[in-house]
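Trainee: The structure follows.
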Amino acid sequence: MELDHSKGTAFSNFRALTSDPNKAECEQLIRNMATLFSHVVDRCDDEQIAQYDEVLCQLAELVESEARADVAQILAPLSRAPGTVVIKLAHDEVEVATPLLEFSSVLSDDDLIEIIESQSEGHRSAIAGRSSVADRVSSSICHHAENETVKKLVENEKAEIGPEAGPSLIQRAAKDESIAGSMGHRHDVDWRSIYSTLDDASKRVFSTLARTHMKIDRANVDAAKKVVVNKIKERVGFNATEWTVAWGQVRALSDRRQLDMKALERFCRFSYAHHSAAAIALMLRIQPEVMVKWFAGQDVGAFIVAARALDMSPESFAKAIAIVPWRDKLNADDLQLASARYESLSFHDAREIFEMWRAHSFRRPQQNRRVA
C-alpha cells in the first residue's frame, strides 16, 4: 500500500509540474520515479509500466543530461523496463546512453543495429563491449565503426563472429595489423564456416591472414569445435537465460506498439527462437509460464493451434516450428507432419480451441510429446 501511495504521489507531482515545470523538481522527480520503478517493476502490470514509460519520457525532455544519465544507470540492469524511455535514452548523448548500451538486455539486436548506424563512435564502442553481441550486430559494427572499436569487438570473446560479421571483418583486418592480430586469438570462431561464405577475393585475403596472423594449432581447433557444438545445442534446447532476455526485449517492443506479425516474421527469418516464441505468447496474451510448459513437454499440438490462431502464413509457421526451443530436435518427418496439420487446421477452429483453453486457464491434460 505504501508503494502504491508513493507511486500515486509521484504521478500527482508530475501532473502539477507539467503546467509550470521547475527544472530542479523535475530532476528530483525523474530520479525518484526511476528508482521507485526499479523496486516495484515485478508487481507492475502492462498499464502501469506504460504510465511510467510515458511520464519518464516527458520528464526526460525537461531535465539535464546528468539526471538522464542517472535514470539510464538505474534502468540498465533491469530485465523489464519501459521500452520507449529505454530507446530514447539509448539514442541520447553517449554519456547518457552508455550504461544501457553496455548492459541493458531490453535492447534488441534491431535496436542496437539502428543505434550503430545512426549514432556516434562512442555508442558503437559501448555496444562492442556488451556481454553478448550477436553476429548480426557484430557485422554492423564491422561495417560502420572505426578500427579501435572493431578491435574491441574482436577482443570481446562474448561477441559472435560468424558468417555475417566474418567477411567484413576479414576485409578490415587486411588493412589493420592490430585487428588481424586480435583475430588470431579468437579460438571460438568457426573460421572454416566463414571461409565458405567468402568470395574469391576475400578467400585470398583470408589465406594471407591465416598464414601470417591466424596460425591455429590442434588444441585450438578442438576447443573451437567444442564451442560450436555447445552453441548448436543451446539453439536447439530451451535456455532459461535466453528466454528471460527474449521476453524482456519483446515486451519492450510491445511497449512501443511495434509488436506485430511483421516483427514476428523477422524473428522467424533470423532464427531468433526464443524471441519468436515470446512474440507468439505476447500477441495471444499467453502467460510466459504456459509457453515454457509447452516447451518442457514438447507440446507441438498446442504450438500449432497457437500459431494458427495468429493466422501465421504457412511459410512463417514452418520456420517457427523448426526453430522454437524444444528440448530435443524434431526430425524432418515431424516438421513436415506439423506443417501439414497446420495447413489443415482452419483459423476459425484454431480460435475456438484457443479461446476454450483460455477460459480454462490453459489447464490441459498431458499431451503426447510427438506430433500425433
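Trainee: Taking the condition of being surrounded by fewer than 19 Cβ atoms within 10 Å (Cβ to Cβ) and in contact (Cβ under 8 Å) with a residue 24 or more places away in the chain, how many residues in the stretch 114-124 meet it?
Mentor: 5
Trainee: Looking only at the stretch 149-203, count every residue that is of a type in the set (Lys, Arg), open to solvent by 20 Å² or more (accessible area, probe 1.4 Å) and either touching a residue at least 24 places away in the same chain (Cβ under 8 Å) or part of a loop (DSSP other than H, G, I, E, B) (or both) and tell me the total.
Mentor: So the count comes out to 4.
Trainee: Consider Ser108 carefully, then state whether it is under 20 Å from Tyr272 (Cα atoms), touching a residue at least 24 places away in the same chain (Cβ under 8 Å) and open to solvent by 10 Å² or more (accessible area, probe 1.4 Å).
Mentor: When the stated conditions are applied, Ser108 passes them.
Trainee: Count, please, the residues in the stretch 93-105 that happen to be of a type outside the set (A, V, I, L, M), over 24 Å from Asp46 (Cα atoms) and open to solvent by 30 Å² or more (accessible area, probe 1.4 Å).
Mentor: Residues meeting the conditions: 4.
Trainee: If you don't mind, there's one more thing I want to ask. Look at Ser139 and say whether it is in contact with an Asp or Glu (Cβ under 6 Å, 6 or more places away or on another chain), buried (at least 22 other Cβ atoms within 10 Å of the Cβ) and among the hydroxyl-bearing types (Ser, Thr, Tyr).
Mentor: Spelling it out, Ser139 is indeed in contact with an Asp or Glu (Cβ under 6 Å, 6 or more places away or on another chain), buried (at least 22 other Cβ atoms within 10 Å of the Cβ) and among the hydroxyl-bearing types (Ser, Thr, Tyr).
The values are calculated or read from the model by the stated rules, or taken from the named source; none is laboratory data. Bear in mind that the values here come from a model prediction, so they are computed numbers and not experimental data. Don't worry about glycine lacking a Cβ; one is built from the backbone with ideal geometry, like all the others, and counts go over all protein chains shown. The area values use the complete protein model at the heavy-atom level, side chains included, leaving out ligands, DNA and RNA. Shrake-Rupley method; radii C 1.70, N 1.55, O 1.52, S 1.80 Å.
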